[in-house]
Amino acid sequence: MPKYFLAAVLPVVALLIGLQGCNKPRECPEVTTVVYEDVSSVDAESYTCISPDKTGLLEQTWCEAKDQFEQRGQSAGSDDFLVYLKGFREGYSLASQAADSQSSLDNDIDSPSETPYDSGYRDGYIAVMESMGIVQYNCASADLMSEYKDRWCEAADAYRNSGSGSDNNPFVRGQFIDGYMTGGRVALTVPTSMEAFFGGENPEGQQPAIVQPSGDLRNTELAFYRGFDVGYKAMIDSIRESINQVMQQMQMPNAMDFPEGLMPPPGQ
C-alpha cells in the first residue's frame, strides 16, 4: 500500500496591507501569496486490525476490505487497494441504509476486466448483507433444493410481480419475502382459513389478519406489509381451490354405486 496519499495542493490567499510606508489602503500594493501545503509526508491510513469489531467504522471497514482484498490473492500494499477500499466503503454505506445496489451482486461475475472499485463495492455491500443474515437463493439452480427454497422462490417471484422494489435491493426483497411467508402462515390457521372460505377474507366481528401502522414507513417496513398482504391472499386462494377440489371429488357420479353401508335410503 502506498505510504502516502497523493499530495494535496491547498492555495491560501494572504492579502498583505501592512507594508512599511503604506498609510492608505489605495497606496498599499495588493500582494497575493499562494502557499502550497505538501501533505505527502502525512502517513496513509493503516490499522493493526487486531480487534476491528471493537473499533470505529473507518478501521472496521479498512480491515474488512483488506481481508477481502487479500483473499482475492492481491496485496494490500498495491495501488489498487485504495480504489478497492473506496468502492468497499461506498457499497458498505449504501447497504447500511438498505438502499438499492448500484451494481450486480452476483458473486460469479468476477473477471480480469472488472475494476477494483466494482469488486470492492460489491464486497462491501455483501459484507453488510452477511452480517445481517440476509438469506438468498439462486432459483435457477438445482442446489439446496428444499420446501423452504420453493416457497422462497415463489415469494421472490411475487416480489418482482408486485413492483414493490428492485432485485438489486436484497433488504427490501428479504422483508417482502418474510412478510409473504408470514401472511401465508396466518392464513393457514384453521379459524382464518375456514372463515375466509365461507365468509370472506375478514369475516364480520373478527380481528384483521394484520394491522399496518399509520404514518410514513421505511421502505423495508412497507415491503413487509405488502408481502404479508400478497402472501395471505395467495394462501387463501390456495385454500379455496383445495377445498373446491375436495368437494368435487366427494360428488359421486350418477352411475356409480355407493359403498356398502353408505347407500342412501330409497327415494333419495
The lone condition residue 196 fails out of (1) modelled with pLDDT of 90 or more; (2) surrounded by 21 or more Cβ atoms within 10 Å (Cβ to Cβ) is (1)
Inspect the range 125-148 for any residue being in contact (Cβ under 8 Å) with a residue 24 or more places away in the chain and of a type in the set (D, E, K, R) and give the result as yes or no. no
Could you grab me the full set of residues in the range 133-143 that are of a type outside the set (S, T, N, Q) and loosely packed, with under 10 Cβ neighbours inside 10 Å? 133, 140, 142, 143
Just need a number here: residues in the range 158-175 that are within 16 Å of residue 234 (Cβ to Cβ) and in a helix (DSSP H, G or I). 5
Going by what's in this entry, would residue 156 be described as in contact with an Asp or Glu (Cβ under 9 Å, 6 or more places away or on another chain), at negative phi, free of Cβ contacts under 8 Å to residues at least 40 places away in the same chain and small (Gly, Ala, Ser)? yes
Going residue by residue through the range 43-64, is there one that turns out to be more than 30 Å from residue 219 (Cβ to Cβ), modelled with pLDDT under 85 and more than 31 Å from the chain's Cα centre (by Cα)? yes
Please work out which residue is surrounded by the fewest Cβ atoms within 10 Å (Cβ to Cβ), limiting yourself to the range 144-157 and to residues that are part of a helix (DSSP H, G or I) and hydrophobic (A, V, I, L, M, F, W, C). 153
How do the pairs read when you match residues in the range 71-85 that are closer than 18 Å to residue 45 by Cβ with residues anywhere that are modelled with pLDDT of 80 or more and among the basic types (Lys, Arg), using Cβ under 9 Å and keeping only pairs 6 or more apart or on different chains? 76/66; 81/66; 84/72; 85/66
Verdict on residue 170 being surrounded by 12 or more Cβ atoms within 10 Å (Cβ to Cβ), under 25 Å from residue 63 (Cβ atoms) and in the same structural domain as residue 225 (by TED's automatic domain parsing): yes
From the residues in the range 82-112 that are assigned to a loop (DSSP other than H, G, I, E, B) and under 11 Å from the mean Cα position of the chain (by Cα), which one is modelled with the lowest pLDDT? 105
Selection from the range 51-81 of residues that are in a loop (DSSP other than H, G, I, E, B) and within 18 Å of residue 128 (Cβ to Cβ): 55, 56
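The values are calculated or read from the model by the stated rules, or taken from the named source; none is laboratory data. Since we're looking at a predicted model, the values are computed, not measured. No Cβ is skipped: glycine too gets one built from the backbone with ideal geometry, and neighbour counts run over all protein chains shown.
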